[in-house]
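Here the structure is laid out as structure tokens; the discussion comes afterwards.
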There are 2 protein chains.
Amino acid sequence: MKKLVKDKTNYLQDMLAGMQVSSDSIEVISDSVVVKKDKKQQGPTLVSGGGSGHEPAHAGYVAQGMLDAAVCGEIFTSPTPDKILNAIKAVDNGDGVLLIVKNYAGDVMNFEMAQDMAKMEDINVAMVVVKDDIAVDEEAQRRGVAGTVLVHKYAGYLAEQGESLDNIQQKVQQFIDGIKTIGMALTAPLVPSTGKYGFDIDEDEIEIGIGIHGERGISKEKIAPVDEIVDKLITELVKEIAGKELIVMVNGMGGTPLSELDIVTKYVAENLSSRNLNVNHWIVGEYMTSLDMQGFSITLAPHSEELETALKAPTTSLYFE
Amino acid sequence: MKKLVKDKTNYLQDMLAGMQVSSDSIEVISDSVVVKKDKKQQGPTLVSGGGSGHEPAHAGYVAQGMLDAAVCGEIFTSPTPDKILNAIKAVDNGDGVLLIVKNYAGDVMNFEMAQDMAKMEDINVAMVVVKDDIAVDEEAQRRGVAGTVLVHKYAGYLAEQGESLDNIQQKVQQFIDGIKTIGMALTAPLVPSTGKYGFDIDEDEIEIGIGIHGERGISKEKIAPVDEIVDKLITELVKEIAGKELIVMVNGMGGTPLSELDIVTKYVAENLSSRNLNVNHWIVGEYMTSLDMQGFSITLAPHSEELETALKAPTTSLYFE
């Protein structure tokens, strides 16, 4: 397996150790929980997490203006409830904690269990579940993908504004209901624990509607010019979006060069414009990845002044523009 | 060829159009020159450029605190002198222009020609040539690679401090003489113009000492644990570095996931520590890439207070931490 690793069983620990080497503002506690060194003394705090392999999500967003902690499971594996509880206890200052969870059975179960455990210790814990991936038809089964990073930023902004836990939860839930994402892949991710690719794909094939855990998409197709791929994805997205004013994220899946993301962005802009949809703010880069997979996702969010302000607000995260 | 493109002959134009979609602070002039919308009115200005395919270098560094313009050639192809001259004329405010050029024959020749043309129009133009890649023995042949981005940042800081063109050139030249880089690759880049990979490499092989244009390295080896690869690279680097206090950049080659760069960073830190070398500042991420190549480079620079201040100084570039 060609990976830059010493021991695949230490992938997560080595990654977190490396993060800590290059960042003065975080520390790793409890083996796999990344917290801000500068603990927030007042107001609600934000915890996210899940399996690793999606870097910079989520640990790279532990920063002023975004998350207070990220709980890092092994690659593509949910973190255990005890780790999540440790994260909650590390950041809580008495004003409550919001858990931001991607909609995967294991994550939801473990974060709920941690929430129950925290409540038994009289910590006020609320939870939101992100399910922005429209590749899956049934809404309850929809996965949390790139839109989760926008949720981190929006919630982080609201927390900075001094909003209460209840208000943040309510606003964030409303935001979550409006964001829609769909992705595609040129290649499958090489998973270090198994040394195997997440799925087989031929030299002239792409997958539409992939997830971020090496799952196959909903349809396998022949490679096509990028404007046609973009049109196919946007055709699905606009079925679920109300309004004409948008915020758009073009997210790389880990192995996609920035030049190709910029090319995608050009055609997303043209496509939305041809549908008389207006983009008020763009976010382009690698925000929610799947190891070294090549591909991208498009996220559409209904524009609001507050959301745009939130997304443009400063953060010390190196990974959110 | 599996690339996110519409027409490979429009790769550069589509990429620049996409950059302009998502950025409010740049504009593309003369087809392939990226300039700041907010032109600097006083003091020396900075122009870099070269072949494309190294994104975010160089256009992503056109920002407050870094470059005033970037001249973008086609993928892995030097820009022509007339485009470089257009960049110089677009940014010059009478206080002179510094050209920051990577040491490739075509780049050096074309930038020198543009410099001569600008001088005939009475524009004061100085030039520095970056040659940080120690994979090549003979110093005159050494290529400019990831260290070039540190040069952008340092020069940008000096320009912000109001230093004269002469002072900036002199300080930057001294800095260039001290920075050393070496890289490795797990995979070759897929070059859009040809639809071919830059070189052949087997499933269990790596290349040590690669360049950033799809050139083969100086030795092909079997894949090894990352700490052994890191040791091999650092053993070469320390032969060329004086002093015990360093600034270190771990640069991804385009297709490397951030998690692996963090793992590399852990082992670079351990290795340097075992050699009693002290790292005062780390820069980890994708700064100077080669399309979708997987791999990394390590850059060592002698530490100085001014350099550390310069690297930490604010910039509006989305791509420099």
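Couple of notes before you dig in:
- If you go through the range B:152-169 and pick out every residue that is touching a residue at least 12 places away in the same chain (Cβ under 8 Å) and out of contact with any Ser or Thr (no Cβ under 8 Å at 6 or more places or on another chain), you end up with 11.
- The one condition in (1) within 11 Å of chain A (Cβ to nearest Cβ); (2) modelled with pLDDT under 95 that B:Gly243 fails to fulfil: (1)
- Scope the range A:1-56; condition within 9 Å of chain B (Cβ to nearest Cβ), of a type in the set (S, T, N, Q) and in contact with a helix residue (DSSP H, G or I) (Cβ under 7 Å, 6 or more places away or on another chain); matching residues: A:Ser22, A:Ser52
- Taken over the range B:24-40, the criterion of being in contact (Cβ under 8 Å) with a residue 24 or more places away in the chain and open to solvent by 20 Å² or more (accessible area, probe 1.4 Å) is satisfied by B:Ser25, B:Ile29, B:Ser30, B:Asp31, B:Lys36, B:Asp38, B:Lys39, B:Lys40.
- Yes/no for B:Gly211 being within 13 Å of another protein chain (Cβ to nearest Cβ) and either under 26 Å from B:Met127 (Cα atoms) or at pLDDT below 95 (or both): no
- Residue within the range A:62-79 that is open to solvent by less than 20 Å² (accessible area, probe 1.4 Å), over 19 Å from the mean Cα position of the chain (by Cα) and not hydroxyl-bearing (Ser, Thr, Tyr) present: no
- Test: B:Gln115 is open to solvent by 60 Å² or more (accessible area, probe 1.4 Å) and either under 27 Å from B:Asn86 (Cα atoms) or not assigned by the TED database to the domain that holds B:Val230 (or both): no
- Residue in the range A:289-308 that is without any contact (Cβ under 8 Å) to a residue 12 or more places away in the chain, within 19 Å of B:Gly18 (Cα to Cα) and crowded, with 24+ Cβ neighbours inside 10 Å present: no
- Selected residue (criterion: modelled with the lowest pLDDT) from residues of the range A:126-137 that are open to solvent by 30 Å² or more (accessible area, probe 1.4 Å) and under 15 Å from A:Gly217 (Cα atoms): A:Asp137
- Taken residue by residue, the range B:291-305 has no member that is part of a helix (DSSP H, G or I), under 20 Å from the mean Cα position of the chain (by Cα) and acidic (Asp, Glu).
- Flag if B:Leu318 is touching a strand residue (DSSP E or B) at 6+ places or on another chain (Cβ under 7 Å) and either within 19 Å of A:Gln20 (Cα to Cα) or touching a residue at least 60 places away in the same chain (Cβ under 8 Å) (or both): no
- Residue list for the range B:12-55, restricted to those being under 25 Å from A:Leu233 (Cα atoms) and touching a strand residue (DSSP E or B) at 6+ places or on another chain (Cβ under 6 Å): B:Leu12, B:Leu16, B:Gln20, B:Ser22
- The residues on offer are B:Leu237, B:Leu233, B:Leu277, and the sole one that is open to solvent by less than 30 Å² (accessible area, probe 1.4 Å), more than 9 Å from chain A (Cβ to nearest Cβ) and free of Cβ contacts under 8 Å to residues at least 40 places away in the same chain is B:Leu277.
- So A:Asp38, is it under 30 Å from A:Leu307 (Cα atoms) and among the acidic types (Asp, Glu): yes
- Residue match in the range A:216-232 (condition: aliphatic (A, V, I, L, M) and under 25 Å from A:Thr9 (Cα atoms)): no
- Condition check for B:Val145: among the hydrophobic types (A, V, I, L, M, F, W, C), assigned to a loop (DSSP other than H, G, I, E, B) and not assigned by the TED database to the domain that holds B:Gly295: yes
- Residues that are among the aromatic types (Phe, Trp, Tyr) and open to solvent by less than 50 Å² (accessible area, probe 1.4 Å) within the range A:189-230 comprise just one, A:Phe199.
- Enumeration of residues in the range B:281-306 that are touching a helix residue (DSSP H, G or I) at 6+ places or on another chain (Cβ under 6 Å) and within 14 Å of another protein chain (Cβ to nearest Cβ): B:His281, B:Trp282, B:Val284, B:Tyr287, B:Met288, B:Phe296, B:Ile298, B:Thr299
- The residues of the range B:251-267 that are more than 8 Å from every other protein chain (Cβ to nearest Cβ) and aliphatic (A, V, I, L, M) amount to a single one, B:Met253.
The values are calculated or read from the model by the stated rules, or taken from the named source; none is laboratory data. Keep in mind that what you see is a predicted model, and the values were worked out from it rather than measured. All Cβ positions, even for glycine, are placed from backbone atoms using ideal geometry, and neighbour counts span all protein chains on display. Side chains are part of the model used for accessible areas, which takes the heavy atoms of the whole protein and leaves out ligands, DNA and RNA. Shrake-Rupley method; radii C 1.70, N 1.55, O 1.52, S 1.80 Å.
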